[in-house]
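The block underneath contains the structure these notes are about, expressed in structure tokens.
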Amino acid sequence: MKMKLFSLILLFALLAGCAAPTQAPSATEAPAATEAPAATEAPAVTEAPAATEAPAASTEPIKIGGTYNLTGAMASLDVPASKGSKLAVKEINAAGGVLGRQIDYILYDGKTDSATNGNIATQLVTSDKVVAIVGNTDSDSALAIGPIAQKAGIPYLTAGATSPKLPDQVGDFMFLAPFGDNVQAAAGAEFMWNKLSCKTSWLFWDKGAEYTTLLAKYWRERYEELGGKIVLEDTYTQGDTDFSAQITRLKAQNPMPDCLYVASLQASDAGAIAKQLRDAGITLPMVGGDGYDGPELVGVGGSGAENVYFTTHALISADKGTDKMKAFIKAYNAEYGNDPESAFAALGYDAIYLMADAIKRAGSTDPKAIRDALAATSGFEGVTGTVTYQPGIRVPQKSVTIIAIVNGQYTLGAEVTPEKVPAP
Amino acid sequence: MTQTKKSPTNIQNWITPLFLIISSLLVVTGIKLYAPYNPYVERVIVVLGINIILVVALNLSNGYTGVFSLGHVGFMAIGAYVSSILSLAIETKATNLPDLPAWLAHVQLGFIPSLLIAGFLAAIIAFLIGIPLMRLSGHYVSVATLGFLVIVHIVLINWTQFTRGARTFSGVIQYTNIWWVYFWIVLTIYLVWRIVHSPYGRALIAVREDSIAAQSMGINILRSRLLAFVISAFLTAIGGGLMAHYLTSFSPATFYFTATFNYIIMLVVGGLGSISGSILGTTLVTFLSEILRNAELGMQIGHLKIPAVYGLSQIILSISFVLIVILRRKGLMGDREIDFTWLKRVFPNSPQT
């Protein structure tokens, strides 16, 4: 009896919980996409829709799946990216949609968990019957979702996962919206060699993540090729907060290296490392990848973040950015009441426009036709740069933005396309 | 805690495990019939089945012996990595694990040999670490096994030659299907049931309840705990192997604290020391998280539009667990099994004893 009573209570609690969301505050809460649009201008897509477009047989919305880890360890990157994606969908729908149809962006939370990511991918391709999937900023999740989309023949465009190996690991339906890590590592190495005149360097990387492992590997390859010398290499593991042992080893170097290359997964790690380095009296330039791109770099690093440079997708700045960037920031601000948290917001935004552009050029919602159109993308202008897929290569060629921290502000260090890129 | 078990009658000895096995399989089959062409539902069910195997195995150690291990996910990781390395196609090995030693690089085993080797390896490791660890009890053994989990994690991250380090291990062939999961569920439930209801199982429970009294009765504490730990590790590694061959891609982060806590929750919600409880707890937690995850998307009830709130499912689940622990301190089933003694009252003439 007691158990029955208890089950009832539990059931009641659950129902009450289900009805409660209106009260629960949440950063990821988004107004419905069908609401009146904010006064924003939609960036133009590369090609005008084909004039010969067949009369829309269906006015049903086009379903695009969304897979982001809105909770868990990846949330700091995925939440801004998902907000960018949702903003793009809203703009496209306000401007009349694609092929005369609205986009229904079905967004699920992968919870930074492989099993859940597999579930949501299966759900999207089999229950929701989406025509394409756009999402994710890490390769763990991309590798959980990619094979399922590949098997179902649904194009999957990752908004922010930067491992250049992904498309080959998954198959011909997998595309990257950002540049690959080999490109940004090469850009970082060339920037250090040419602009910062670093002949020798310290290499410090997080061996707890695929991204940092690859970044360090590609960077080493390009830097040594340029003639640079790595005087000391050290590692840490995700979750470490004290780097004094490694910093002491660095301080014991004589002579000291000219620069520091630090591959970190999260902006908070990079901030903490910068702070502890500066506290130990090491003020050498510190360079890293797009993992640095978040408010925590300066938030945690404080004044230690001075003389820090990193390669990323775009400079999020309302006064220093490109026109497209300014329009994006304005729209983002109107929608969410704050500036984009990181370049990943812009990547999420671009990924949706890139996919919408492919659907428009495909002239149909057949996943195979969309894949072919996506693979043929050439000169698509997004907020984070121009996307062109070379035949057979599903990682775009994009220019790399190098950001310098000056007085706690992000400033444009350089906009570069590396001369030579290590093979993925 | 000191409730003495009624010695089950012969018929009961068979009915309950049979009932548990059949009901586990029916949950699976029923939903498969209800949604025959729904791969999503099938996916949830397969993961549920694997979770049942893992939690029942965990219960053997944590529930029946009172050795509250927090390191079982380490055995799961061993099972996943070892079986995947063995079953990986030779071409995939060449690209994903180029630095494998030659004797391993040119070997591709079938699913079952890979699983069994992984299971036995985990059992051997459990035996070796069990010799010192099973002498501990209470919180000490939890902390020590947690240490084992951390060691496994660090080895996985650093042994790049075999594990790709922290990078995602991908390209595993998807061997696991609903039928393999059936098979292992039946085997696991049967095995654990037989162990627990054997004289050896009684000895385990006696050690859990009062180790000094048990020792004075001539029970070898170390030996009884160690055997349970080793069998439990074997089954956990099998579960890990099944999971690896279902997800097809995973990384060391898949087998760490989050997973540990998930399984502990399933176990505690169901009830420590009850196989029925493990099955019930796992089913409840797995289904609830899936249902709630779908509810997160928001919904339209009449004119009331509920917006999407992500992360809500974890909050509701956590509140439910708090309620369960407050209202039923020993989990849903406590240390009891679903029993059929009422049959005796309904059919007083049925053959018994």
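Throughout, read-outs are computed from the coordinates displayed, never taken from laboratory work. Please read all numbers here as calculations on a predicted model, not as lab measurements. Ideal geometry is used to build each Cβ from the backbone, glycine not excepted, and the neighbour counts take in all protein chains shown.
For this structure, a couple of remarks:
- Of the peptides A:255-268, B:262-275, the order by per-residue mean of other Cβ atoms within 10 Å, starting with the highest, comes out as B:262-275, A:255-268.
- The residue list B:Leu284, A:Ile133, A:Met74 was ranked by how far each Cα lies along the charge dipole of the protein assembly as shown toward its positive end, using unit charges on Cβ atoms, and B:Leu284 comes out on top.
- Relative exposure of B:Glu296, A:Glu233, judged by other C-beta atoms within 10 Å (fewest first): A:Glu233, B:Glu296
- Close amide-amide hydrogen proximity is noted between A:Ile133 and A:Gly65, A:Tyr156, A:Leu157, each under 5 Å apart and 5 or more residues distant or on a separate chain (H modeled in the peptide plane; Pro and chain starts excluded).
- Taking a ≥ b ≥ c as the square roots of the eigenvalues of the Cα gyration tensor, region B:15-257 is classed as oblate, since a/c reaches at least 1.5 and a/b does not exceed b/c.
- Derived scalar couplings between HN and Hα for region B:313-329 equal 4, 5, 5, 5, 4, 4, 4, 4, 5, 4, 4, 4, 5, 6, 7, 10, 4 Hz in order, rounded to whole Hz, by the Karplus curve 6.51 cos²θ - 1.76 cosθ + 1.60 (θ = phi - 60°), x for Gly and Pro.
- Of all DSSP beta bridges confined to the protein assembly as shown, the antiparallel ones make up roughly 35%.
- Among A:Ala376, A:Ala356, A:Ala346, residue whose mean-square fluctuation peaks in a GNM of chain A (springs only between Cα atoms under 10 Å): A:Ala376
- Residue by residue, region A:91-102 carries 3J(HN,Hα) couplings of 5, 5, 5, 5, 8, x, x, 10, 6, x, 10, 6 Hz when phi is fed to the Karplus relation 6.51 cos²θ - 1.76 cosθ + 1.60 (θ = phi - 60°); x denotes Gly or Pro.
- Chain A: antiparallel DSSP beta bridges as a percent of all, rounded to 5: 30
- What you get for region B:25-175, charging only the Cβ of Lys and Arg (+1) and of Asp and Glu (-1), is a dipole of about 120 debye around the Cα centre.
- For A:Thr386, nonlocal amide neighbours, meaning residues 5 or more places apart or on other chains whose placed amide H falls under 5 Å from its own, are A:Ser399.
- Modelled FRET efficiency - R0 41 Å, B:Val346 with B:Arg194, Cβ distances, 0.05 increments: 0.95
- Charge-dipole axis of the protein assembly as shown as Lys and Arg at +1 and Asp and Glu at -1 on Cβ define it, positive-most pick from A:Ala274, A:Ala144, A:Ala376: A:Ala144
- 3J(HN,Hα) from dihedral phi, region B:189-205, Karplus parametrisation 6.51/-1.76/1.60, rounded to Hz, x for glycine, proline: 4, 4, 4, 5, 4, 5, 5, 5, 9, 9, x, 4, x, 4, 4, 4, 5
- Summing Lys and Arg as +1 and Asp and Glu as -1 over all other residues whose Cβ lies under 13 Å from the Cβ of A:Pro295 gives a net charge of -4.
- Among B:Thr283, B:Thr95, B:Thr16: highest mean-square fluctuation, GNM of chain B, C-alpha pairs under 10 Å: B:Thr95
- Less than 5 angstrom separates the built amide H of A:Asp109 from none of the residues sequence-distant by 5 or more or on a different chain.
- Highest mobility in the GNM of chain B, judged by mean-square fluctuation with C-alpha springs under 10 Å and restricted to B:Leu48, B:Leu146, B:Leu191, is found for B:Leu191.
- Förster radius 35 Å - calculated FRET efficiency between B:Ile338 and B:Ser318 (Cβ-Cβ, nearest 0.05): 0.85
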